[in-house]
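For reference, the structure discussed in these notes is given below.
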Amino acid sequence: MAIIEVDNLVKRYGEHTAVNGVGFAVEQGEIFGILGPNGAGKTTTVECVEGLRTPDGGHIRVCGLDPQRDESELRQVLGAQLQESDLQDKLQVGEALELYSSFYRDPADWRDLIRMLGLGDKLGTQFRQLSGGQKQRLSIALALLGNPKVAVLDELTTGLDPQARRDVWDLIEAIRDRGVTILLVTHFMAEAERLCDRLAVIDSGRVVALDTPAGLVARVEERQRIRFRPSAPLDHAVLTALPEVDSVERAGSQLVVTGTGNLLLAVTAVLARNQIVVADLRAEQTTLDDAFVALTGRPIDV
Ligand SMILES: Nc1ncnc2c1ncn2[C@@H]1O[C@H](COP(=O)(O)OP(=O)(O)OP(=O)(O)O)[C@@H](O)[C@H]1O
């Protein structure tokens, strides 16, 4: 049975429909990603799941609870990250954990949690003195204090350096391994690819695809990309005239050709006919980035 069910969710801000019929179901034990560009409606969607916003339409259940009707019960099963502004600068890590533990009927052992999160030696440190990565880890600890069945984590590696980001990823996997189902909002492809069992790709308030990362890539896999350096200037029309070629782009001294079918053979044959020698020829694999572009028509970071 799904632990989170979202069906035909609609949320408007005035005239603007931020979420327009979003639906997905998260199975117990999954890391389920919500991926999409800025303004796609990801945060609004998860805030409705957390009961922080009132939907204008649709149906949500978390562990069988209605986030609007069963708000206090929901707090006991769903862990949400606090915003930075929710924590006072001068509050010490240990004090914050003690305070927030008191809100739960059956809190986790926060000393155990904080050791797992690598903040065991920071109990006396004020919130404002923590690094970005340490603040993120504390906010994850606070989300897990109530021993939740579901944790909602929103853009939690934004602003972290690559090493801190990888540490947080390891941590999320460890949390999943403890049996917590995770709803993860992200706009990082690498994060989605590494962590998520399944993903809903959201664009302009709608789910445009829902699949495993590999499944999303497979949808566009027939699209290929080759990259090479031609020995002489080349009229792109020579390549775009080929039925196998979809696009030709220049990247410095290289050309990047995307297309379908036997692209490599078609391109190398036409180059040979034009007495052009190619260097540094590479055929590249489809990535989740390519899948995103194919699904939404634009790169995620635009
Ligand atoms: N409180 C609000 N009042 C009015 N409009 C809002 C409000 N919150 C969000 N919006 C708008 O709704 C749309 C969706 O916002 P939302 O924050 O859900 O997107 P997002 O996918 O999480 O984006 P980001 O990655 O930038 O956080 C955006 O156009 C945003 O400007």
Item to check | Amide proton proximity set for Gln224, modelled H, under 5 Å, gap of 5+ | outcome: Gly259, Thr260
Checklist entry - Around Arg115, what is the net charge, scoring Lys/Arg as +1 and Asp/Glu as -1 over all other residues with Cβ under 12 Å from its Cβ? => result 0
Next on the checklist: Suppose a student asked you for the relative contact order of the chain, using Cα pairs under 8 Å spaced at least 6 residues apart; what percent would you report?
Outcome noted: 20 percent
Checklist outcome for this item: Along the dipole axis of region 1-130 (charges at Cβ: +1 for Lys and Arg, -1 for Asp and Glu; origin at the Cα centre), the most positive-end residue among Ser72, Leu35, Leu87 is Leu87
Item to check | Stokes-Einstein translational diffusion, region 222-285 - Kirkwood Rh over all Cα pairs, 1.306 mPa s, 10 °C, in µm²/s | outcome: 139 µm²/s
Next on the checklist: Checking the cross-link filter: which aspartates and glutamates have an alpha carbon closer than 12 Å to that of Lys11, excluding same-chain neighbours under 8 positions apart?
Outcome noted: Glu47, Asp56
Checklist entry - By per-residue mean of other Cβ atoms within 10 Å, what is the highest-first order of 258-268, 187-197? => result 187-197, 258-268
Checklist entry - What is the magnitude of the charge dipole of the chain about its Cα centre, with +1 placed on the Cβ of each Lys and Arg, -1 on the Cβ of each Asp and Glu, and no other charges, expressed in debye to the nearest 20? => result 480 debye
Checklist entry - How big is D for region 92-165, in µm² s⁻¹ as a whole number, if Stokes-Einstein is applied with the Kirkwood radius of its Cα pairs at 20 °C and 1.002 mPa s? => result 170 µm²/s
Next on the checklist: Over 10 Å intervals from 0, what percent of Cα-Cα pairs in region 138-183 sits in each interval?
Outcome noted: 26, 60, 14
Checklist entry - Along the charge dipole of the chain, Cβ charges K/R +1 and D/E -1, which of His236, Leu9, Ser247 sits furthest on the positive end? => result His236
Checklist entry - At q = 0.22, 0.23 Å⁻¹, what base-10 log of I(q)/I(0) does the Debye formula yield for region 141-217 when every alpha carbon is treated as an equal point scatterer in vacuo? => result -1.12, -1.19
Checklist outcome for this item: If unit charges are put on Cβ atoms (+1 for Lys and Arg, -1 for Asp and Glu) and the dipole of region 236-302 is taken about its Cα centre, the option from Asn262, Thr287, Val277 lying farthest towards the positive end turns out to be Val277
Checklist entry - Cα atoms only, the chain: Rg and Dmax in Å? => result 23.5, 76
Item to check | C-alpha center-to-center spacing [region 206-277, region 121-149] in angstrom | outcome: 47 Å
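No value in this document is a laboratory result; all are computed from the given coordinates. This one's a predicted model, so the numbers in the text were calculated from it and none came from an experiment. Heads up, the Cβs are rebuilt from the backbone with ideal geometry, glycines too, and the neighbour counts pull from every protein chain shown.
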